[in-house]
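Have a look at the structure below before the remarks.
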Amino acid sequence: MPTQKPRYTVVVDQELLKEIDDFRFENRYPSRSAATLELIRLGIEQLKKERNHEPSQEES
C-alpha cells in the first residue's frame, strides 16, 4: 500500500549501515526504515534534552 508520507534517500557508509542493522536486529524492528526512524527520533530527543539543560548566556 503506497504511503502519502514524504520520502528521501540517505547515503551511508558500510560501517554505519552495519550499526543500523545491528540496532534493528537487537531491537527487533521489522525493517531498516523503522530502525532508522527510531534512531532519528532518539537523536532528536537527545538534542532537545541537551539544549534544555544548557545554561543560557545570561546564566554564565
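Bear in mind these aren't lab numbers, they're just calculated from the coordinates by the rules spelled out. What you are looking at is a predicted structure, and each value in this text was computed from that prediction instead of being measured. We place every Cβ from the backbone using ideal geometry, glycine too, and count neighbours over all the protein chains shown.
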Review point. Between Lys48 and Phe25, what FRET efficiency follows from the Cβ-Cβ distance if R0 is 30 Å, with the result rounded to 0.05?
Key: 0.65
Point to revise | Rounded to 10°, Cα long-axis angle of helix 14-26 versus longest principal axis of the chain | key: 80 degrees
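Could you tell me whether the chain comes out rounded, prolate or oblate from its Cα gyration tensor? Rule is a ≥ b ≥ c as square roots of the eigenvalues, rounded for a/c under 1.5, then prolate if a/b exceeds b/c, otherwise oblate.
Numbers: a/c = 2.57, a/b = 1.91, b/c = 1.35.
It is prolate, given that a/c is not under 1.5 and a/b is the larger ratio.
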Review point. Which listed residue (Ala34, Val12, Ile44) has the Cα farthest towards the positive end of the charge dipole for the chain, taking +1 on Lys and Arg C-beta and -1 on Asp and Glu C-beta about the Cα centre?
Key: Ala34
Practice item. Rounded to the nearest 500, what is the 222 nm mean residue ellipticity of the chain from helices alone, with -39500 (n - 2.57) per DSSP H run of 4+ residues and division by all residues? Key: -19500 deg cm²/dmol
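Using the Cα centre as the reference, give the magnitude of the dipole from point charges on the C-beta atoms of the chain (Lys, Arg: +1; Asp, Glu: -1; all else neutral), rounded to the nearest 20 debye.
500 debye
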